[in-house]
Amino acid sequence: MSLPSWLEELINIFKKEKKSSKIAKERLQLVIVHDRSQEKNSTIEKLKEDLIELLSKYRDDVDTEEMDFVIKADKHRVSLVASIPLKTRATTKL
Amino acid sequence: MGKLKRSIVVTSGKGGVGKTTITANVGTALALLNYQVVLVDADVGLRNLDLILGLENRIVFDLSDVIENRCRSYKQALIKDKRVGNLFLLPAPQTKQKEDIPLDKFKELIEEIKQEFDFVIIDCPAGIEHGFKMSAKAAEEAIVVTTPDLSSIRDADRVIANLEAMGKNSTKLIINRMKKHMVKKSQMLSIEDILETLNIELLGIIPDDEYITISTNNGEPVVLNKTKPLYKYFNNIANRLVDPSIPIENPFNEGNIFQKFASLVGLKKTKY
């Protein structure tokens, strides 16, 4: 016998179960961000190339292999998050 | 009065999300608004727009007959819808391969038809291969159709990226088959979720409705029957194509009697 839907809802509230639409949204946004970053000639790829060129004017230790750009979206804004590691070791004085 | 001369491709990436049904109904709705409309079935080898429109028995010439000059002009291949009057169908060939239609020839044809009509709407095949490229390159504007399913939204995102790469910047989204009761229980992605993910302008929303099956069975677009609930949604999309300032018909605004009253007296504004 299945429970009436309102009772199920009530149980869900107490079980603090994640709503499936929320799970869907998180999974979807992850794959889409990945899909977009794979795109050939994507603006991100072009930006990356330009930035490498620019950065190399000022530093010669930018780890271009490990550089990473992602577009992240939350409720309020879409942002471009860049991670630019340097080859210089953390213990070295900058 | 001058012709609007607009060419629009209806596309989705994923198959089975309702491209053909939407093309048939929005096209018919535009014709009912007195615009001159040609619907072009670009799904070469797998035509279905004829069936949805109930015109399958009247096909003499098709798209490849026009492209390969087997008829005098494209006009000879157009099938006039007797119920609506200013609605025409250019059917796809059924015994050809998609690659048999050259991209540039198709684009030339769409340009030629456009000169004498208000709307040329191209029903694009699923996928992002030849048929998609052919349809997308020929049209100036694009409509992407998605359902609230993950796979459909993901594919829509790829299609939008492809369209952008072709230089199309006015792509709009139709969300099809929204299930109100599931969204309310957070069991389905909401309109907001989808728009936030795809970051694209919304053209319209079509709620899920079993009547679509019956209308397809009968070969009669839903919009021909103004008493059916779906009529207003398709009609809203047709109107918004002409005037984007018209508010979106939102199935979620129907709500309870209090919400209805609130929206009636202007307390609750439509979000979009």
>> Any residue at all in the stretch B:190-211 that's outside any strand (DSSP E or B), in contact with an Asp or Glu (Cβ under 7 Å, 6 or more places away or on another chain) and within 14 Å of chain A (Cβ to nearest Cβ)?
In response: yes
> Any residue in the stretch B:19-30 that is surrounded by fewer than 21 Cβ atoms within 10 Å (Cβ to Cβ) and not polar (S, T, N, Q)?
Replying inline: no
>> Take the residues in the stretch B:218-272 that are among the acidic types (Asp, Glu) and surrounded by fewer than 18 Cβ atoms within 10 Å (Cβ to Cβ); name whichever of them is modelled with the lowest pLDDT.
In response: B:254
>> So for the stretch B:106-122 (the condition being within 18 Å of residue B:168 (Cα to Cα), surrounded by 19 or more Cβ atoms within 10 Å (Cβ to Cβ) and touching a Leu at 6+ places or on another chain (Cβ under 7 Å)), does at least one residue qualify?
In response: yes
>> With the condition being touching a helix residue (DSSP H, G or I) at 6+ places or on another chain (Cβ under 7 Å), I'd like the helices (runs of 4 or more DSSP H) fully within the stretch B:1-110 carrying at least 3 qualifying residues.
In response: B:19-32, B:49-53, B:63-67
>> Quick test of your reading of the structure: residue A:92 fulfils all but one of (1) modelled with pLDDT of 75 or more; (2) in a loop (DSSP other than H, G, I, E, B). Name the failing condition by number.
In response: (1)
> So residue B:209 clears everything in (1) at pLDDT below 95; (2) surrounded by 13 or more Cβ atoms within 10 Å (Cβ to Cβ); (3) over 16 Å from the mean Cα position of the chain (by Cα); (4) closer than 23 Å to residue B:16 by Cα except one condition, right? Which one?
Replying inline: (1)
> Can you tell me how many residues in the stretch B:146-177 are in a loop (DSSP other than H, G, I, E, B) and either facing chain A (nearest Cβ under 10 Å) or closer than 17 Å to residue A:30 by Cα (or both)?
Replying inline: 2
> Can you find a residue in the stretch B:174-194 that is at pLDDT 95 or above, of a type in the set (Gly, Ala, Ser) and farther than 17 Å from residue B:18 by Cβ?
Replying inline: no
> From the residues in the stretch B:178-189 that are of a type in the set (D, E, K, R) and not in a loop (DSSP other than H, G, I, E, B), which one is surrounded by the fewest Cβ atoms within 10 Å (Cβ to Cβ)?
Replying inline: B:184
> Could you count how many residues in the stretch A:41-86 are under 30 Å from residue B:196 (Cβ atoms), of a type outside the set (Asp, Glu) and assigned to a loop (DSSP other than H, G, I, E, B)?
Replying inline: 7
> Restricting attention to the stretch A:39-56, and to residues there that are out of contact with any helix residue (DSSP H, G or I) (no Cβ under 9 Å at 6 or more places or on another chain) and at the interface with another protein chain (Cβ under 10 Å from one of its Cβ atoms), which single residue is modelled with the highest pLDDT?
Replying inline: A:43
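The values are calculated or read from the model by the stated rules, or taken from the named source; none is laboratory data. This structure is a prediction, so every number in the text was calculated from the model and none was measured. Virtual Cβ from ideal backbone geometry, glycine too; neighbours counted across all protein chains shown.
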